[in-house]
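What follows is a short report on a single structure.
Read-outs throughout are calculated quantities, based only on the coordinates presented, and are distinct from any laboratory measurement. Remember, predicted model here, so these are calculated numbers, not experimental data. Cβ placement follows ideal geometry from the backbone for every residue including glycine, while neighbour counts extend to all protein chains displayed.
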């Protein structure tokens with residue numbers, strides 16, 4: 001089990017990044033995706049598409065904040081953008097009326 005080297009933390013701003021240092025860089029990424037899944041499960045009562053769209057948009061904003069503070073990499077924010085784009089295309093495709 002890794003332990004925190006408290007001599008590396010000299011101000012309050014370094015405290016969140018120390019969690020990544022101890023966990024090998026996976027703490028904030030795993031928290032990001034776990035909370036995204038929890039939010040999807042909380043919103044599933046309003047429908048699958050709504051749950052994914054709302055939770056992906058909210059976590060796109062949260063991901064931007066985490067990426068600007070260098071707690072997660074930008075590629076994880078792009079995952080949220082990809083999910084949103086795929087869901088937009090799915091909703092457009094599934095809402096087409098078939099003309100006979």
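Shape call for region 41-100 from the C-alpha gyration tensor, a ≥ b ≥ c root eigenvalues: rounded (a/c under 1.5), prolate (a/b greater than b/c) or oblate?
Oblate, since a/c reaches 1.5 and b/c is not below a/b.
Mind sorting 52, 37 by how few other Cβ atoms lie within 10 Å of their own Cβ, fewest first?
Fewest to most other Cβ atoms nearby, the residues stand as 37, 52.
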Distance in nm between residue 37 and residue 90 label points, each 7 Å along Cα→Cβ, equals 1.6 nm
Once normalised by the length of the chain, the mean sequence separation of its alpha carbon contacts under 8 Å that are 6 or more apart gives a contact order in percent of 21 percent
Which of (1) 245; (2) 199; (3) 112 gives volume of the Cα convex hull per residue in Å³ as computed here? It is (3)
For the chain, longest principal axis from Cα atoms; helix 74-94 axis from its Cα atoms; angle between them, nearest 10 degrees, is 10 degrees
Going fewest to most other Cβ atoms within 10 Å around each Cβ, 89, 27, 57, 12 line up as 12, 89, 57, 27
Computed over the chain: longest principal axis from alpha-carbon atoms vs helix 27-42 long axis, angle to nearest 10 degrees, is 30 degrees
